[in-house]
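Here is the structure we will look at, set down as structure tokens.
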Amino acid sequence: MTSAEPLPSLEDESMVPLLQANGVGRVFPTAAGPVTALDAVSLEVRPGELLVVRGRSGSGKTTLLNVLGGLDTPTSGTVTLGTLDLTTASEAQLVAARRTRIGFVFQAFGLIPVLSAAENVEVPLRLLGVDPVERDARVAELLDRVGLSGHAAQRPAELSGGQQQRVGIARALAARPQVLLADEPTGQLDSVTGAAMMDLLVELVHDSGVAAVVTTHDPILMARADRVVELHDGRTVPRRRGAHVRE
């Protein structure tokens, strides 16, 4: 993080949304003409809340996560992280936000093959220059939390799909982010392992107070969410889940 361009603080904002999208649109130019991936999308996520974005393949879910995470810039609208406007932030501010305030979980796990489970989890902490003693303690804490204390030295190829995704979740939480973005985190897992993975995510989100957005096309997983938003052709349609929805 650069001292010249500090990020606005998110302290004392536990009662307001941590992440907001307001009228977000994303249009991609193509040889055949413009393609609208997102159309006037608005949503918000509060601390300790897990929001599921449900939609078919091609509905714009991944594009939405990229915009929410500062990996892509919307064509219209705004995305704010606390008091930081990600749509107008400098590249230095975006890099700092992604390293310290936003955690990413990927469908294909995204682990570094030559590194052990523990080494994969500690990558974000190394980038932040965290003291080795503190780093080791944080890695051990997270691996224990996701049930992989006995697999710290194993490389990704030696782990099952579910175990690899648990490492991915631990890595995403290593820097204690305020926001967690997960793109189809159960997409490559069987139904039983996928359900267990969502249960773990819900537990971690509620216990840590992180604001989470998880995309999926699996309706079974919606039952684990606090709120569900459906994405159709780049537009959002909110749905309520009775007792699963927080006011």
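Just so you know, all these numbers are worked out from the coordinates, no wet-lab data involved. Not measured: the values here are computed from a predicted model. FYI the Cβ positions are ideal-geometry reconstructions off the backbone, even for glycines, and counts take in every protein chain you see.
Values computed for the structure shown
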read-out: Whole-angstrom gap from region 134-185 to region 23-40, using each part's C-alpha centre; value: 35
read-out: 222 nm mean residue ellipticity, helices alone, for the chain (DSSP H n ≥ 4; -39,500 (n - 2.57); rounded to 500); value: -9500 deg cm²/dmol
read-out: Global geometry of region 157-235, whether rounded, prolate or oblate, following the gyration tensor of its Cα atoms and the 1.5 cut on a/c; value: oblate
read-out: Near-label residues of region 59-90 by backbone N, under 13 Å of a point 7 Å along Cα→Cβ of D233; value: 59
